[in-house]
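Shown next, in structure tokens, is the structure this report addresses.
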Amino acid sequence: MSGGGKKHDWHTRLSHAGRAGTRAYGFVNPPVHRGSTVLYPSMDERRFGASQRLEQKLLYGVMGTPTHYPLEDIIAEIEGGTRCQIVSSGLAAITTPLLAYLKAGEHLLLPDSVYGPARTFANGLLRNLGIETTYYDPMLDGAGLEALIRPNTTVLYLESPGSHTFEVQDVPALAAAAHRHGVKVLMDNTWGIHHFQPFQHGVDVSIQALTKYVVGHSDVLLGSIVTNSDADWERVRLTTLALGQYASPDDCWLALRGVRTMAVRMDRQQESSLEVARWLAGRPEVARVLHPALPSCPGHEVWKRDFTGACSLFGIVLRPDISQGAVHAMAEHLELFGIGASWGGYESLILPTTGFITRTAGSGDFGGQTVRLHVGLEEPSDLIADLERGFSMLPQFGR
């Protein structure tokens, strides 16, 4: 969407993309299209009838509807790719391309900081299919990664920043090393949505948990897989159809509604999270703040080089003399932060993560109890006051 040859700002594009237009008669939002069977007036119409792109031709419900297509186009634009496949959850967006690019006898490289269910998938189903996984230190440089690539290595998987501990990977260097050996690069870009353009940095397939910022209201599970070449699109698309992956059109409609306000929500949450993170950095109970926009986070310099902003999810490491019981008591004492595992919604969350982080490549020594925080749309001063009340509980439970 453009005016006078100039591309509109992304706030404007998210408000208008995928809609009929300002001069079209009817409701502002597109309707929900639910259906399985598609009827055609003749066989010729079914075989040769006009459509948009082939993948957006109405053939059967599982192949998509006019509710899916606008969402797919918007997500592809946000990610800077050419094609998008909507799937049923963020985890489905991880597992589907892994199955598309891996087969028995091949080798996968996963960062040690990877999202837990992705590790479970690799150690379970992929292992049972005869696919071997090596976990690597997420802070490896290109040369270090190349030393791990084998003749049968097929996929390099990236997650930057890392789940729970927010290591920012040098994506261009790692992607370049992988491509020198013919290895495909898949990346979970959920934290970096909009702020990191994966295809400009060497990624082949970008993964999003739309559950987070796109939906924005903690009430829908959705995922997306975006590609930037016809070959990658065909591979992902065929695997998705073979697996019977499908997302409800009602959920897609809710995601379309959520995407309209995503830009303003993310702007607000970025500012608020930085305010809370900087306050935490000055607390005596906190040893380190793991926010990519702060120098204390591993890979901060890479974040400054490659990202245009930050999201609202970050972590902290508490002083080593603070016990796990004290951290749990603190979390339970908070009024505004819910204890929950997701993020990207309008509400703030806290999750003590010590004991829930699995590391096998030597990247698991954090020096204290770890906690993950998500900052929502509340007033930052209220959140800071809530955390201050929580910290007041620590001496009672064995600092």
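Distance between the modelled labels on Ala281 and Asn128, one decimal in nanometres: 4.6 nm (7 Å Cα→Cβ projection).
Mean Kyte-Doolittle of at least -1.0 plus a Cα span of 27 Å or more along the axis: flag which DSSP H helices in the chain meet both, please. Walk me through the intermediate numbers first.
Details: long enough: 249-281 (43 Å, -0.36).
Answer set is 249-281.
Taking 31 Å as the limit for the C-alpha separation, the pairs Lys103/Lys304; Lys184/Lys304; Lys57/Lys184 exceed it in the case of Lys103/Lys304.
A simple spin-label model places the labels of Glu45 and His217 3.6 nm from each other, with each point 7 Å out along Cα-to-Cβ.
In the Gaussian network model of the chain, springs joining C-alpha atoms below 10 Å, which of Glu301, Glu45, Glu77 carries the largest mean-square fluctuation? So, out of Glu301, Glu45, Glu77, the one fluctuating most is Glu45. Of all aspartates and glutamates in the structure, the ones whose alpha carbon falls short of 13 Å from that of Lys7, not counting any fewer than 8 places away in one chain, are Glu77. Think of each Lys and Arg Cβ as +1 and each Asp and Glu Cβ as -1; about the Cα centre, that makes the dipole of region 262-397 roughly 460 debye.
On the principal axes of its alpha carbon atoms, region 262-397 extends 40, 37, 26 Å, with the longest extent given first.
What ranking, highest mean first, results for peptides 342-349, 360-367 when packing means the other Cβ atoms within 10 Å averaged over each residue? Could you put the intermediate results ahead of the total?
Details: 342-349: 22.2, 360-367: 13.8.
Top to bottom by mean Cβ count within 10 Å: 342-349, 360-367.
Only helical DSSP H runs with n ≥ 4 go in: add -39500 (n - 2.57) per run for the chain, normalise by residue count and round the 222 nm mean residue ellipticity to 500 deg cm²/dmol. Intermediate values should be presented prior to the final figure.
Numbers: 12 runs with 133 residues, N = 399.
One gets -10000 deg cm²/dmol as the mean residue ellipticity at 222 nm.
Let a ≥ b ≥ c be the square roots of the eigenvalues of the Cα gyration tensor of region 37-174; is it rounded (a/c under 1.5), or, if not, prolate (a/b larger than b/c) or oblate?
Numbers: a/c = 2.64, a/b = 2.08, b/c = 1.27.
Prolate, since a/c reaches 1.5 and a/b exceeds b/c.
Summary value for the chain: 17 percent relative contact order, contacts being C-alpha pairs under 8 angstrom separated by 6+ residues.
DSSP beta bridges in the chain, what fraction antiparallel, as a percent rounded to 5?
Working: 25 of 43 bridges.
Roughly 60 percent of the DSSP beta bridges within the chain come out antiparallel.
Please go through region 80-139 and write out the trypsin sites (Lys or Arg not before Pro) that DSSP classes as loop and that have at most 15 other C-beta atoms within 10 Å. Can you show the working numbers first?
Values: sites: Arg83, Lys103, Arg119, Arg127; in loops: Lys103.
Loop-located and lightly packed - Lys103.
Packing here is the average count of other Cβ atoms within 10 Å per residue, and on that basis the peptides 258-267, 67-76, highest first, run 67-76, 258-267. Packing here is the average count of other Cβ atoms within 10 Å per residue, and on that basis the peptides 108-114, 368-374, 315-321, highest first, run 108-114, 368-374, 315-321.
Using r as the Cβ-Cβ distance of Val28 and Lys57, and R0 as 22 Å, what FRET efficiency do you calculate, to the nearest 0.05?
In this case the efficiency is close to 0.25.
Every read-out reported here was derived from the displayed coordinates using simple, explicitly stated rules and does not represent laboratory data. All values derive from a computational prediction rather than experimental measurement. Neighbour counts run over all protein chains shown; Cβ positions are idealised from the backbone, glycine included.
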